[in-house]
Every structure is written in structure tokens, then in C-alpha cells.
Amino acid sequence: MTSVIAFADATPAARAALGDVFRRASEDSPAGALWGDAASEAAVYLDPYVEHEPESLLLALVDDHVVGYLAGSLGTAGFPSESALIDAAIREHRLMRRGDTRPFFMRALRDSVAAAVRRRPTARALEDPRWPAHLHIDLVPEARGRGVGDALMHAWAARLGQAGVGCYLQTQVENARARRFFARHGYVEHGTPALIPGLRVDGAVSWQVTMVTPAPDA
């Protein structure tokens, strides 16, 4: 049976397990890790939630083992933007100077320039007051298809309801399984798919799709 707790209320052992779950969650996903360095990717997509909004970082446990998490924010003032977090990670982890990560960011730069010339949108966070909250969700491979993701989404929906705010998330157009999963939880696609600079799936460019809950006043 799956239980869901906030990181703020978790035991030291559960908190310590989160990093391993983050590293393993990219296994068998359409894109895998983004640029291939777990520490710097965690600095963007996990660590800020621990630091700024631990009560919205939800852990899923099966038999007392952490098997997944939902990193959410209600749109808290002061929560850093994704672009600012990526810029900081590039500087602090010297990602443009390293042989293992530099190719991704050089490709991302070329993709961004080409998209600007062709007037194509590129991936970015949604800035719309109707949906101030956002989330990222990750599960280890063996937890998928067992209701763990559903338990996390139900807990997050309850938190959104208490706060009275709308929420958005972003995934890949190519990840049909994720899109079906989020649609089942009431999220609908919003806007035009946008190029994800630098990312390749099976050798092809990847596109970001934004999905939102119905606006509170809808």
C-alpha cells in the first residue's frame, strides 16, 4: 500500500533516500536525464523544493521505502524561476566547460538560435496568474503502473484545493503515457508545443507540452 507524506514531515532515512530516487527516475523515460549530470539537474528540479517549499514536496512510500516523489510549488513568492536555476547550475557546476555536459548546452544554444530565426517557440515555464502552481513527478521504474503516481496526484490535488489555486505541468509531446496519465487527473493541454533546446529523443528534437488544471474561475 502506498502512503504519501510531505518532505517536511519525513524521517531522516526517507529524506536521505530522495536523491537516489531522483537519479533512478530517469531510467526508461523517453528522454532519460536531460544533460546527464544528476547533481546539477537536482539543483534545478529537486533541491529548490527541499529548500523553499518542503511542505509541497510529497514523497510516496511503499513498505516504508521511498519510490517516488512529487515536487510541487503553490507559486510561493521567492521561489526561483527555472531559467534562473538553470543559469545558476551552469555556472556553479561549470557545465559549459565539462566534456560530458558541454555538448548538450552547445546543441541547446544552436537550437535556440535556429528557433528564433524560424520564429518557433522554445520551452519555458508558464507565467499565467490562473495557474501559479506547478509540479514535477518522478517514480522509480518498479513503482510505475502500481498506483503510486495516482496517490501522489491525489495528495497534490487536495493541497491545491486547500490553497484554491490552479496548477500547470510540462512534459514531452513524445511521452504519450505521461500525457494520458495527467489527462486522467484532469489536466488539459494548453498552448502550442515548444521546442526543448538541446534535447533529443531517438535522435529527433523533442517538444514540450504544457498541461493545466481548469482555472479556479472556469
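The values are calculated or read from the model by the stated rules, or taken from the named source; none is laboratory data. Here the structure is a predicted model, which means the values were calculated and not measured. Using ideal geometry, Cβ is built from the backbone for each residue, glycine included, and neighbour counts are taken over all protein chains shown. Remember, those area values only see protein heavy atoms, side chains included, never the ligands or the DNA or RNA. Shrake-Rupley method; radii C 1.70, N 1.55, O 1.52, S 1.80 Å.
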For the chain, what is the mean residue ellipticity at 222 nm derived from helices alone (per DSSP H run of n ≥ 4: -39500 (n - 2.57); sum divided by total residues; nearest 500 deg cm²/dmol)?
-11000 deg cm²/dmol
So, relative contact order of the chain in percent, Cα under 8 Å, 6 or more apart, is 23 percent
5 angstrom amide H check on Gly75, placed H, neighbours 5+ away
His134
Once both axes come from the Cα atoms, what is the angle between helix 102-118 and the longest principal axis of the chain, in degrees from 0 to 90, rounded to 10?
70 degrees
Amide H of Ala6 versus every other amide H placed in the peptide plane: which residues, excluding those fewer than 5 positions away on the same chain, fall under 5 Å?
Leu59
Solvent-accessible heavy-atom area per residue, rounded to whole Å², over the chain at 1.4 Å
52 Å²
So the carbon and sulfur contribution to the accessible area of the chain, 1.4 Å probe, in percent, is 52 percent
Of Arg159, Arg119, Arg97, which has the largest mean-square fluctuation in a 10 Å C-alpha GNM of the chain?
Arg119
Contact order normalised by residue count of region 21-76, Cα under 8 Å, 6+ apart, percent:
29 percent
So what are the ³J(HN,Hα) numbers for region 58-65, from phi and the Karplus equation (6.51, -1.76, 1.60; θ = phi - 60°), rounded to whole Hz, Gly and Pro as x?
9, 10, 9, 10, 10, 6, 6, 10
Scan around Gly198 for amide H atoms under 5 Å from its own, H built in the peptide plane at 1.01 Å from N, and keep only partners 5 or more places away or cross-chain.
Ala108, Asp111
About the Cα centre of the chain, how large is the charge dipole given +1 on each Lys and Arg Cβ and -1 on each Asp and Glu Cβ? Please answer in debye to the nearest 20.
900 debye
Using only the Cα atoms of region 131-218, build the gyration tensor, take square roots of its eigenvalues as a ≥ b ≥ c, and label the shape rounded, prolate or oblate: rounded if a/c is under 1.5, else prolate if a/b is larger than b/c, else oblate.
oblate
Only Cα pairs under 8 Å and at least 6 apart count here; give the relative contact order of region 94-218 as a rounded whole percent.
32 percent
